[in-house]
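One structure below.
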Amino acid sequence: MAGEAVRLLGGFGRRYAVAVRVAILAPVAAIALLRASADGFVGTVLVVVVAVAWTCGQGGWLYRGGVVPVALDVAVLLGLCATVFWTDAVATTNFGWLRLLVTFACVTWQWHTPPLTGAVAALTAGGGMIALFTAAGLPVDAAQGWMFAMAAMSRAAWVLVTRAAERADRTAAETERARREAAVVAAERAEERELANSLHDTAATTLLMVGTGQVPAGASWLAPQARRDLARLRSADGGRTPDQADLVDLLRSDLDAGHLTVRLDAPPRLPLPFDVAGAIAGAVREALTNVRRHAGTDQATVRLHGDPTALRVEVADDGRGFAADGSTGAARRGLRESVHGRMARIGGTAAVTSAAGAGTVVRLTWRADRA
């Protein structure tokens, strides 16, 4: 199957062949009429009119993408050459213009026909012209044979150009294939990363809290949290997703875990693209988990301000805080992947402000024009 470059080249070959043959009509007609004698002028005019009409007619049809049989073109040209028997062409040797018509046809056929068709057409038209001129008693010289060499060189040049177009198509196809493969790999890695983040944010975190003794015996929130963790892992494992989601609903669904008291300051609704809302909600969830695990407090505040074009979310606590020197918070996997990583993948940013004994604020920002 021909590629885009080869198809474009094929169209260019047809159009350029038409342009060349039409462009030579004026000088060829002038040569024919200027060399005609007074007695043969009318006959020469009629032949010139037929030549111009045929060249323009078949050229216009070919230019618009129509199919003109090359055999018909050859027959018309040979018919024009045969008019030397009833015009004054023999007496005035006025046949050079016919030779030019045939020569340019032989050259331009090579630009829009298969190699065998172009070769047969050139040999038939050129050989037939020489035979007719010889039969009429007109002189035959090397210039008439030169048209075969010109047709051969035209075909050779066209083959080189076509091969270059084929190489360009192959390169484009390989580039597109590599792009698709890279996109698939990136999508797979993104899915793996999101699954890893979901596992880290849910079951792994809950189990770690249990294992490190952070969950008191008989904690009423543990069983609902485990069920919620399993539900999130199932939803993260593929499936069709909606186009939009309400960020406020997603945030509220994470506030009833029971192991942390969270005050939510947010508008009633905030619809966002599903992946954006999910990423921001996931980052907030991880920030709240860090409060529970590290801040030494059971209270936090989530403030949401903005609209579907730009927003800011702040997760604040008055816990023990830490030295946010760039090596503590961001280096933890939870902040690095589940907060910073999630925000970066949707074109947003995350910043952590904290100091020992002064609490922590995780600030998430997103703008639609940067997504």
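The values are calculated or read from the model by the stated rules, or taken from the named source; none is laboratory data. Because the structure is predicted, anything quoted here is derived from the model rather than measured. Methodologically, a virtual Cβ is constructed for each residue, glycine included, from the backbone with ideal geometry; neighbour enumeration extends over all protein chains shown. Accessible surface is based on the protein model in full, side chains and every heavy atom, while ligands, DNA and RNA are left aside. Shrake-Rupley method; radii C 1.70, N 1.55, O 1.52, S 1.80 Å.
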Please report the spacing between the Cα centers of region 289-313 and region 1-77 in Å, no decimals. 77 Å
For GLU166, the accessible surface traced by a 1.4 Å probe with all protein chains present amounts, in square angstrom to the nearest 10, to 80 Å²
Charge dipole of region 1-127 about the Cα centre (unit charges at C-beta), most positive-ward option of LEU33, CYS56, GLY96: CYS56
At 1.4 Å probe size, what's the solvent-accessible area of HIS340? Round to the nearest 10 Å². 60 Å²
What ranking do 57-70, 95-108 get when scored by the average of other Cβ atoms within 10 Å per residue, highest first? 95-108, 57-70
Go through ALA172, MET150, LEU132 and say which Cα lies farthest out towards the positive end of the charge dipole of region 121-182; charges sit on Cβ, +1 for Lys and Arg, -1 for Asp and Glu. ALA172
From the C-alpha coordinates alone, can you work out the Kirkwood hydrodynamic radius of region 1-100, in Å? 14.8 Å
Taking 8 Å as the Cα distance limit and 6 or more residues as the minimum spacing, I'd like the relative contact order of region 46-137 as a percentage. 31 percent
